[in-house]
Amino acid sequence: MVTDTGGINDRSFNASSWAGMQAAAAANSNITVKYLQSTTQSDYTPNINTFISEKCNIIVTVGFLMGAATEAAAKANPTQKFAIVDCSYASGCITGAKEPNIDQLVFNTVQDGFLGGYLAAGTTKTGKVATFGGIELPTVTIYMDGYWDGVQYYNSKHGTHVQVLGWNEQTQKGSFTGDFTNQTKGQNLTQTFISEGADVIFPVAGNVGLGAAKAVQSADQAAGSTKVTMEWVDVDGCVSAAQYCTYFITSVEKGIVAAVKASVTSVASGTFTGGTYVGTLANGGAVLAPFHDFASKIPSALQQELMTVAQGIESGSIPAPTKSPVT
């Protein structure tokens, strides 16, 4: 596996991709796994080439930004199998003729993002919630689209007027820190949202979100109570960033572990086909994490509504709009 610049311990999509690799190794004793870390984007191609020279059976690359390097390597090495997380031909991340040796692992996170927005709207006390991204990529804004529309749907059902700071699904305008690593930027932006009245924050920014969590922690400590909460992204934050679990009402998850595991084990079993895997609410690839510390604090009526909304999204009776491609 070749990491993106967030690194193997980003508590987000690199870490969960590596967990998928390890799960594959645990499931099949013939599988051994290793990774190379990318410090900058210029590391992508050399790292991929290192693994090609080592004759790895499959090379897993992580993230939208690695699309071009992965595609170029797949074209140049048609017998080498690849999988890429958060990237597909349909999303425009890779653009040429479809290479059969690339397994594209993408996730319809507008669906669980919608649930996250609905939950945020149902728990806010100020009537303002916020979201922001790391880099403005479709794999980031799809979450933010869902969050925004989940809030609007809650408003339509309850006659409320909860505002979303940091993003507008209709105009596609919002707030981004410009990277997935600078926690100070995340902390400062979150402090701004809090000062503007937001009390549920949803960072879609990998490690940058740890800065958001620090801002939430500071606000709550200063208030002497639970004034502000947040939702984590990609993985269950109570597992990946347990020190901040007390502030996470949920996490808007992406089933990366299972998707990467399935891709790697398919190579070992001789069933690799390439193509596209899309994680959804229905197949467990895009779901809300458990409420953990908030399980007894979120009203049972709201929890029941979330289940009903999830069923509506799965059946198609509740649309979850996004400007981002999801297949």
key: For the chain: relative contact order, % (alpha-carbon pairs under 8 angstrom, 6 or more apart)   = 21 percent
inquiry  = At 0.36 nm per residue, and after removing the present C-alpha to C-alpha distance, how many nm does the segment from ASN28 to ILE52 gain when stretched out fully?
reply    = 6.5 nm
key: Area of PHE176 that stays accessible when all protein chains are in place (1.4 Å probe, Å², to 10)   = 50 Å²
ask   = All other residues with a Cβ under 14 Å from the Cβ of ILE298 taken together, and with Lys, Arg as +1 and Asp, Glu as -1, what is their net charge?
value = -1
request  = Could I have the simple spin-label model distance between ALA72 and SER175, label points 7 Å from Cα toward Cβ, reported in nm to one decimal?
outcome  = 3.6 nm
note = Mean projected area (nm²) from the convex hull of Cα positions in the range 203-291 is 6.8 nm²
ask   = In the structure displayed, which of LYS157/LYS297; LYS34/LYS75; LYS173/LYS254; LYS214/LYS254; LYS55/LYS254; LYS128/LYS323 lie more than 26 Å apart, Cα to Cα?
value = LYS55/LYS254
ask   = Can you give the accessible area per residue of the chain, in Å², using a 1.4 Å probe?
value = 39 Å²
task = Scan around LYS81 for amide H atoms under 5 Å from its own, H built in the peptide plane at 1.01 Å from N, and keep only partners 5 or more places away or cross-chain.
result = ILE59
message = From the phi angles alone, apply the Karplus equation (6.51, -1.76, 1.60; θ = phi - 60°) to the range 215-223 and give each ³J(HN,Hα) in whole Hz, x where the residue is Gly or Pro.
response = 5, 5, 4, 4, 5, 6, 5, 5, 7
remark   = Here P(r) for the range 148-270, Cα-Cα distances in 10 Å bins, as whole percents, is 12, 37, 32, 13, 5, 1
key: Relative intensity, log₁₀ I(q)/I(0), of the range 42-150 from a Debye sum that treats every alpha carbon as a point, q = 0.10, 0.12, 0.16, 0.17 Å⁻¹   = -0.39, -0.51, -0.73, -0.78
request  = Using only protein heavy atoms and a 1.4 Å probe, report how much of CYS56 is accessible, in Å² to the nearest 10.
outcome  = 40 Å²
task = Could you please state, rounded to a whole Å, how far the C-alpha centre of the range 87-110 is from the C-alpha centre of the range 164-225?
result = 29 Å
remark   = The percentage of the accessible area of the chain (probe 1.4 Å, all protein chains present) made up of carbon and sulfur atoms, to the nearest whole number, is 51 percent
task = List every residue whose amide H lies under 5 Å from the amide H of VAL233, counting only residues 5 or more places away in sequence or on a different chain, with H placed 1.01 Å from N in the peptide plane.
result = VAL252
Simple spin-label estimate for ASN9 and THR276 in nanometres, 7 Å along Cα-Cβ = 3.7 nm
request  = Find the Cα radius of gyration of the chain, compare it with 2.2 N^0.38 Å by division, and give the number to two decimals.
outcome  = 0.98
query = Are there cysteines in the chain with no second cysteine's Cβ under 4.7 Å away, and if so, which?
reply = CYS56
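The values are calculated or read from the model by the stated rules, or taken from the named source; none is laboratory data. Since the model is a prediction, treat every value here as computed from it, not as a measurement. Please note: Cβ atoms are built from the backbone with ideal geometry, for glycine as well, and neighbour counts cover all protein chains shown. For the accessible areas, the whole protein counts, side chains as well, though only heavy atoms, and no ligand, DNA or RNA atoms are used. Shrake-Rupley method; radii C 1.70, N 1.55, O 1.52, S 1.80 Å.
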